[in-house]
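Report on the structure given below.
No lab work stands behind these numbers, since they all come straight from the coordinates. Remember, predicted model here, so these are calculated numbers, not experimental data. With ideal geometry, Cβ positions are generated from the backbone for all residues, glycine too; neighbour counts draw on all protein chains shown.
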Amino acid sequence: MRAHAHVDERNFSAFLNVLLFLSLSLSPLDSELKTDSVCVVLLFPSSQALGPLRLFQASLLFSTIAVAVAIEYYQPEQIHLAYGDSPNDIVVTWTTYSNCDSVVEYGVGGFALKAEGSTTKFVDGGSEKRVMFIHRVTLKDLIPDAKYSMCNSGYHCGSVLGWSGVFWFKTPPDDESKWSPFLAVYGDMGNENAQSLARLQEEVQRGVYDAIIHVGDFAYDMDSDNARVGDEFMRQIETVAAYLPYMTCPGNHEQTYNFSNYRARFSMPGDTEGLWYSFNMGPIHFVSLTTEVYYNFNYGMKQLVKQYYWLENDLKEASIPENRLKRPWIITYGHRPMYCSNDDYDDCRQHSTFVRSGIPFLKWFGLEDLLYRYGVDLSIWAHEHSYERLWPVYDYKVLNGSTSEPYRNPRATVHIVTGSAGCSERTDPFIPAKPDWSAYRNSDYGYTRIKAWNGTHLYLEQISDDQDGQVIDNIWIIKDKHEAFSTKDNIDSPPLNWT
């Protein structure tokens, strides 16, 4: 915006009053002031016409205003990546506070390529109705097994009105059967006491991981303080999420305003605004779930039903022999666990948890039967601010592969709860007596690592940030064959015409 002011001795007093008003109104300490680039051109006839004192007075006040209005709408921030609908597609998402174009310049060996995308206005549901603009650009048909790195240009995003810094990412190999993806997985990270974040920043920027999965509960909470807490959290995770796909699912802390902050800020595959979806990485078929549909009926039960039948179809498709041969590992993740032994009153402490067993009394739409029927290898959960590894379990029955090798050809899904990345609510203790189905428990701050070495060997380990990155637990899941755990179709299903 450019404004012209013709100033002489006759209107100087009025002009000085306007400057004084602006300097008091537009305090540079107001962190919410977001303005366009402002240029006010003062057209003085001559220094003799006003005199040096008048010019000095005006310059003092105008410098105060200039500081206050220097913040721009257009500067990209909160940059993060996600997989698109194909493993060779990357979606770049960022935020500005003014409407502008969505452009990513990228390449190997220079910013030779440019992609354009969409800009969506998001109005937070809080009392201030704060406005921000979410930008999404999909980079399609990327070169396999390439590093779009800073030394080779990498990528930056924004528009002609403002660009981000330069970031980098790497793409999967052309032959995914030879890829052994390595991921960090955790839930329940806030922008206060995000204890694991510094270690993750260092590891991500060294190129240790191929992706991160955040299993619900962000920022604590993204809608807090009229979504300012969400803004700050997204700025914090940019230090990891701008360098690799940051895959997510919603938790209970995202439910305000019908999950609007979560749905607006993240860009997951599919058409459900990240509520549930699936994607592939090498030998793994990942399935992201929304456990909150079992606990938040403010918005009706339609989403619960839709997700259930979508999940069944997705698992059925993933279990077709040729698909299971190509991607033998099926791993699900959702926020609230089916099992836990924490010392609290959460639903996972109850025998018939909603996620596991389904709607009370009717027992419809429970997820454990689906996992069992389609041979899901691993289910990852969070919500409890601790780490817990279970034996292979179905309906509270331990179904180890054998006494000496419980995770070799297990006869049920293995469950991991990893919700201790760090947040304002601290960590959770456990009940003194460990249940028979629980194999290992720990309340240190930390996160989980997963590596699929091939179609038969999957490695998991838990990192303790309290113990300076020490591995405090690890297992190999070894499967000679991936198939349904039960060949009998004796599991009750909800009626197909239920609405």
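Some notes on this structure:
- Radius 9 Å from Cβ of PHE259, net charge of other residues (Lys, Arg +1; Asp, Glu -1): -2
- The stretch 463-481 and the stretch 411-443 have Cα centres lying 14 Å from one another.
- Dipole of the stretch 295-437 computed with +1 at Lys/Arg Cβ and -1 at Asp/Glu Cβ about the Cα centre; of TYR295, GLY401, HIS351, farthest Cα towards the positive end is GLY401.
- Using a simple spin-label model with pseudo-atoms 7 Å out from Cα toward Cβ, ASP145 and LEU362 lie 5.1 nm apart.
- Among beta bridges from DSSP that stay inside the stretch 348-425, the antiparallel ones total about 60%.
- Size of electric dipole in the stretch 204-319: Cβ of Lys, Arg +1 and of Asp, Glu -1, about Cα centre, debye, nearest 20: 140 debye
- Compactness of the stretch 416-471 was expressed as the Cα radius of gyration divided by 2.2 N^0.38 Å, which yields 1.30.
- FRET efficiency, GLU461 to ALA484 (Cβ-Cβ, R0 22 Å, nearest 0.05): 0.20
- Reach of LYS481 by Cα under 24 Å, taken over lysines that are not fewer than 8 positions away in the same chain: LYS178, LYS316, LYS326, LYS397, LYS451
- Reported value for the stretch 159-249: 125 Å³ per residue, from the convex hull of its C-alpha atoms.
- P(r) weight above 21 Å for the stretch 219-370, C-alpha pairs, percent: 51 percent
- Summing Lys and Arg as +1 and Asp and Glu as -1 over all other residues whose Cβ lies under 15 Å from the Cβ of GLY270 gives a net charge of -3.
- Reduced Cα scattering model of the stretch 114-154, Debye log10 I(q)/I(0), q = 0.17, 0.22, 0.24, 0.25 Å⁻¹: -0.66, -0.80, -0.87, -0.90
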